[in-house]
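In what follows, a single structure is set out as structure tokens and then discussed.
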Amino acid sequence: MKASRWDLCGQTALVTGGNTGIGLGMALGLARAGVRVAVLGRDERKNDQALQALQTERSGCRVYSYDLIDADGLLDLYQGVSQEMGGIDILVNNAGIQCRGRADEIALADFNRVIAVNLTAPYVLSQCFARERIALSKGGSIILTASLMSEAARKTTSAYTASKGGIRQLVRALAVDWAEFGIRVNGIGPGYIRTEMTRPLYEDEAFDSWVKQRTPLGRWGEPDDFAGAVVFLASEAARFITGQILYIDGGWLATF
Ligand code: GCO
């Protein structure tokens with residue numbers, strides 16, 4: 001197999017939550033593979049920092065400030081980004097939020113917020129992407145960020161776990177609906193990764209040692225651990241792969 005099947009030069013990607021953490025790890029991986037990346041993020045300061053990092057890898061990257069809680073504005077947003085980027089070949093639905101607390105203590109508004117960002121926004125953006133690609137008679141690749149919580153639950157994460165269980169099935173549902181159009185849909189499932197979302201967890205000494213002991217590879221994951229998988233799944237090298245979740249978890253799900 002020729003190495004060029006991994007080549008993404010000249011393609012464009014939209015990465016939500018791409019200004020920090022796992023999303024930035026994936027955005028940088030794509031940029032290094034020659035992709036012009038558009039990042040969607042809430043925080044303008046982080047967006048600026050991400051843009052600087054991305055531009056050193058690949059010119060023509062852009063950042064957009066948007067809060068994915070607003071599903072109604074997503075169509076306009078998508079069309080604007082796609083126009084400015086000259087089309088989107090790869091959609092990475094990565095942005096996610098967490099809300100921890102025992103299930104009987106979670107407010108409905110918080111549950112709804114987590115579902116809106118983690119599940120509804122990926123659905124709507126995937127629709128925008130697919131409609132555009134189908135109209136152009138072009139295939140494409142959609143990648144969604146799943147979680148260990150797509151498979152199992154940890155105490156205090158009910159809303160997040162419900163959303164990530166939904167992502168697991170959304171990957172399958174979208175994959176089967178759009179396969180005939182050459183649109184592949186896959187998930188990347190992170191284990192415990194050192195990001196802002198998990199800061200309260202890795203700063204807790206007991207939790208930190210539990211993660212290291214429970215993870216066969218013996219450490220927390222880092223955002224850069226995601227750079228290779230996203231390039232692979234987006235590329236021709238993965239052309240017969242759709243509807244799958246690739247777990248990047250240091251072996252977590254392989255053992256108990
Ligand atoms: C938590 C975390 C998790 C993980 C991750 C595991 O509170 O347990 O935030 O949800 O970080 O998603 O895959």
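The values are calculated or read from the model by the stated rules, or taken from the named source; none is laboratory data. Remember, it's a predicted structure, so these values are computed and weren't measured experimentally. Glycine also receives a Cβ, built like all others from the backbone with ideal geometry; neighbour counts cover every protein chain displayed.
Only one of S163, S158, S150 is closer than 13 Å to D249 by Cβ and of a type in the set (G, A, S). Can you tell me which?
Answer to the selection: S150.
Of the residues A162, A179, which single one is small (G, A, S) and within 15 Å of A130 (Cβ to Cβ)?
The conditions single out A179.
For region 33-49, enumerate the residues that are part of a loop (DSSP other than H, G, I, E, B) and aliphatic (A, V, I, L, M). Steps first, answer last, please.
To start, the set of residues in region 33-49 that are part of a loop (DSSP other than H, G, I, E, B) comprises 33-35, 42-43.
Scanning region 33-49 gives A33, V35.
Filter region 101-126 for residues that are exposed (fewer than 15 other Cβ atoms within 10 Å of the Cβ), touching a Ser or Thr at 6+ places or on another chain (Cβ under 8 Å) and assigned to a loop (DSSP other than H, G, I, E, B) and give the result.
Once the filter is applied, which keeps residues that are exposed (fewer than 15 other Cβ atoms within 10 Å of the Cβ), touching a Ser or Thr at 6+ places or on another chain (Cβ under 8 Å) and assigned to a loop (DSSP other than H, G, I, E, B), region 101-126 yields only R102.
Does region 63-70 contain at least one residue that is in contact with a Gly (Cβ under 6 Å, 6 or more places away or on another chain) and outside any helix (DSSP H, G or I)?
There is no residue in region 63-70 that is in contact with a Gly (Cβ under 6 Å, 6 or more places away or on another chain) and outside any helix (DSSP H, G or I).
For region 162-256, please list each of the helices (runs of 4 or more DSSP H) lying entirely inside it that holds at least 2 residues being buried (at least 21 other Cβ atoms within 10 Å of the Cβ), among the β-branched types (V, I, T) and modelled with pLDDT of 95 or more.
Once the helices (runs of 4 or more DSSP H) in region 162-256 are filtered for at least 2 residues that are buried (at least 21 other Cβ atoms within 10 Å of the Cβ), among the β-branched types (V, I, T) and modelled with pLDDT of 95 or more, what remains is 227-234.
Report, by residue number, each residue of region 172-201 that is of a type in the set (V, I, T), more than 15 Å from the ligand (Cβ to nearest atom) and under 21 Å from F226 (Cα atoms).
Once the filter is applied, which keeps residues that are of a type in the set (V, I, T), more than 15 Å from the ligand (Cβ to nearest atom) and under 21 Å from F226 (Cα atoms), region 172-201 yields only V185.
Hey, can you tell me all the residues within region 69-95 that are surrounded by 21 or more Cβ atoms within 10 Å (Cβ to Cβ) and of a type in the set (G, A, S)?
Of everything in region 69-95, just one residue is surrounded by 21 or more Cβ atoms within 10 Å (Cβ to Cβ) and of a type in the set (G, A, S), namely A95.
Restricting attention to region 45-68, does a residue exist that is farther than 30 Å from R239 by Cβ and in contact with a Phe, Trp or Tyr (Cβ under 7 Å, 6 or more places away or on another chain)?
Within region 45-68 (the criterion being farther than 30 Å from R239 by Cβ and in contact with a Phe, Trp or Tyr (Cβ under 7 Å, 6 or more places away or on another chain)), the answer is no, since none of the residues qualifies.
Just to be sure before I move on: is G41 more than 16 Å from the ligand (Cβ to nearest atom), touching a residue at least 24 places away in the same chain (Cβ under 8 Å) and within 16 Å of the chain's Cα centre (by Cα) in the structure I sent?
Yes: the conditions hold for G41.
Within region 138-156, count every residue that is surrounded by fewer than 21 Cβ atoms within 10 Å (Cβ to Cβ) and either away from the ligand (no atom under 16 Å from the Cβ) or outside any loop (DSSP other than H, G, I, E, B) (or both).
3
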